[in-house]
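Notes follow once the structure below has been shown.
Just so it is clear, none of the values below were taken in a lab; they were calculated from the coordinates. Nothing here was measured: the structure is a model prediction, and the numbers come from that model. Every residue, glycine among them, receives a Cβ derived from its backbone with ideal geometry; neighbour counts consider all protein chains shown.
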Amino acid sequence: MKADVLVIGAGPAGLALAAALCDAGLCVGGVAPTDPTTPWSNTYGIWEDELPSPEYTALLGHRWSDCTSYVGGQALRLERVYGLFDNARLQEHLLERCLRAGMRWRRGSARLVEFTARRAEITLEDGGLMQAQLVVDASGHTPVFVRRPLSSEIAYQAAYGVVGAFTRPPVRPGQLVLMDYRSDHLTAKERRTEPPTFLYAMDLGNDRYFVEETSLAHVPAVPFALLKTRLHRRLAHMGCAVAEAEHEEYCLFPMNMPVPYLDQPVLGYGGAASMVHPASGYQVGAALRLAAPLAQTIAHALAAPNASPSAVARAGWKTLWPQERLRKHQLYLFGLRTLLSLNEAQLQQFFAAFFHLPVRYWGGYLSNTLTTAEIIQTMAYVFMTAPMPLRLVLIREALRHPDFLLHAVGVQSSHSKILHIFR
C-alpha cells in the first residue's frame with residue numbers, strides 16, 4: 001500500500017484526522033490492530049460549545065442543559081450545555097468520510113519505520129510493507145513510534161462506571177452531574193487519608209442512568225477495586241442500587257504525559273501527541289477541532305517541492321504544539337500539580353471557587369480556549385476568592401514547583417515573580 005499519509009490507529013483521534021486528511025484531498029491509508037468498525041467501548045462527553053461544527057451536534061446521543069457540580073457543601077448550576085456522543089454515529093460519520101475518498105485500511109500492528117529522503121516505509125508484524133510520505137501515530141497513550149521524554153510522576157485519571165437501571169434514580173430527571181464530591185458515605189479517616197473521588201452521573205432517559213466514580217488525577221492511579229467499592233457505597237448511601245447493569249466502564253489514562261519531541265519524523269495525534277487536557281482529562285473535543293487545520297497544514301507541506309517526511313512532520317508538530325499552546329500547557333501542568341497536593345476538603349474548596357467564576361473563564365479553562373494571559377487571570381481569580389487556608393496551600397505549591405509557571409510566562413527563576421502573579 002502506498003499513500004500520501006499513513007494513519008496508525010482507528011480510535012476517535014485517528015479517525016478524526018484520517019477523515020480530515022481525506023477531506024483535504026490526500027491519499028490516506030490506515031493500519032490498526034482491529035477492524036476500524038470495531039465499536040468504541042468508552043463514553044465520550046463534550047461541552048456543546050466545543051463542537052467544531054454544527055454537523056457534530058447531530059452526533060450527540062444526549063444533551064443536558066441541567067448541569068450541576070456538588071462541591072464545598074454547595075450545589076452549583078453550570079450554565080453550559082453538555083453532550084454525550086453517540087459512539088456509533090460518530091464512528092460511522094468519520095468512516096463514511098474516509099470511505100468516500102477511497103481510504104484503505106490494513107489490519108495489523110506496525111513494528112518498524114524506516115525513512116528515505118522522500119518516503120517512510122512501515123513494516124507490519126506480519127511482514128507486510130506500507131509506504132507513505134508522512135506517518136501519523138494515533139495509536140494511543142503508549143504510541144508505537146512517537147518518542148517523548150521520560151517522566152517518573154505520571155498522574156492518572158481513573159474511573160469505574162455502570163450504565164443501567166437502578167432501584168431509584170441516582171440523579172433527578174434530565175440532570176447531568178459533572179462532579180459530586182459529597183463524601184458523607186466515607187469515614188473521617190477515609191476522607192483524610194485516601195485519594196478524593198467524585199461521582200460523574202447522568203440521566204440517559206427511559207429509566208437508564210450512567211454513574212461513574214472518578215479519580216480526577218492521582219499518582220499512582222487509584223485502583224479500580226477501590227473505585228468500584230466507593231461507587232456502590234455512595235449509591236447505598238443515596239438509597240439506590242444497581243438493579244440491572246447493561247455495561248461496566250473501566251477508564252484509565254495519563255493526565256500529564258510529557259509533550260513529545262517536536263523534531264521527530266513521525267507525527268503524533270491524540271494520546272500519542274499528549275493531547276489530553278491536564279485540567280479535565282478530555283481530548284476527543286480537541287482531536288475533532290484540530291483535525292481540519294492540521295490536515296490543511298499537512299496538505300500544504302506535502303505540496304512543497306522535495307517534501308521530506310521530516311519536513312512534513314515538523315510542520316505538523318508546529319501546528320499541534322505552537323509556542324502559545326506550549327506555554328498554556330505548562331500552566332495547566334502547574335494547575336494539575338497543585339490539585340494533586342490538595343486533600344479532599346481543600347479540593348472541594350478549590351472547585352467551589354473555580355465554578356463560581358464567570359462561565360467564560362471556567363469554561364474556557366476546561367476547554368483550553370483561553371489565552372496564556374487569561375489562564376493566569378483565571379488562576380489569580382481562584383486564588384483571590386479562595387479561603388485563606390487554601391491560599392496558603394496554593395502559595396506553598398507555587399514555591400515548591402516554580403518551573404511550570406516560569407516556562408509558561410518566560411521569566412527566569414524567581415519566587416518573587418511567581419508570587420506577583422497571585423497578587
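Quick notes
- Rounded to 5, percent antiparallel among DSSP beta bridges of the chain: 70 percent
- Computed E for L252/T116 - FRET, C-beta separation, R0 35 angstrom, nearest 0.05: 0.35
- Those aspartates and glutamates that a straight Cα-Cα span of less than 17 Å connects to K328, excepting residues fewer than 8 apart in one chain: E374, D403
- The Rg/Rh ratio of the chain, with Rg taken over Cα atoms and Rh as the Kirkwood radius over Cα pairs, comes to 0.98.
- Separation in nanometres of the label points that stand 7 Å from Cα toward Cβ, at T142 and R396: 3.5 nm
- Exposed loop sites were defined as GluC sites (Glu not before Pro) in DSSP loop states (anything but H, G, I, E or B) carrying at most 10 other C-beta atoms within 10 Å; in the chain the longest segment without such a site runs 154-423.
- 3J(HN,Hα) along the range 56-63, derived from phi through the Karplus expression 6.51 cos²θ - 1.76 cosθ + 1.60 where θ = phi - 60°, amounts to 6, 4, 5, 8, 7, x, 8, 9 Hz, with x in place of Gly and Pro.
- The chain: relative contact order as a whole-number percent, Cα under 8 Å and 6+ apart: 18 percent
- Residue with peak Gaussian network fluctuation, the chain [Cα springs, cutoff 10 Å], from V276, V135, V242: V242
- The trypsin sites (Lys or Arg not before Pro) of the range 135-237 meeting both criteria, a DSSP state outside H, G, I, E and B (loop) and at most 13 other C-beta atoms within 10 angstrom of the site's C-beta, are R147.
- Charging the Cβ of each Asp and Glu at -1 and of each Lys and Arg at +1, and nothing else, the dipole of the range 33-155 about its Cα centre rounds to 380 debye.
- Gaussian network model of the chain, springs between alpha carbon atoms under 10 Å - residue of A315, A243, A13 with greatest fluctuation: A243
- Our helix-only sum for the chain, with -39,500 (n - 2.57) per DSSP H run of n ≥ 4 divided by its residues, gives a mean residue ellipticity at 222 nm of -11500 deg cm²/dmol.
- In this Cβ point-charge picture (+1 for Lys and Arg, -1 for Asp and Glu), the chain has a dipole of about 1020 debye about its Cα centre.
- Label-point separation in nm, E48 to M388, each point 7 Å along Cα→Cβ: 4.4 nm
- Projected-area mean, the range 141-213, by convex hull of Cα positions, square nanometres: 7.9 nm²
- Zone of D263's modelled label, taken as backbone nitrogen in the range 144-183 under 15 Å from a point 7 Å along Cα→Cβ: 147-149
- Put a plus charge on the Cβ of each Lys and Arg, a minus charge on the Cβ of each Asp and Glu, and nothing anywhere else: the dipole of the range 250-391 about its Cα centre is then about 160 debye.
- Max mean-square fluctuation residue, GNM over the chain, Cα-Cα springs under 10 Å, options V162, V393, V28: V393
- The aspartates and glutamates within cross-link reach of K189, meaning a Cα-to-Cα straight distance under 14 Å and a gap of 8 or more places when in the same chain, are E344.
- Listed by chain and number, the aspartates and glutamates whose C-alpha is less than 18 Å from the C-alpha of K318, apart from same-chain residues fewer than 8 away, are D137, D263.
- Hypothetical label at V219: residues of the range 329-357 whose amide nitrogen lies under 19 Å (7 Å Cα-Cβ projection): 329-344, 347
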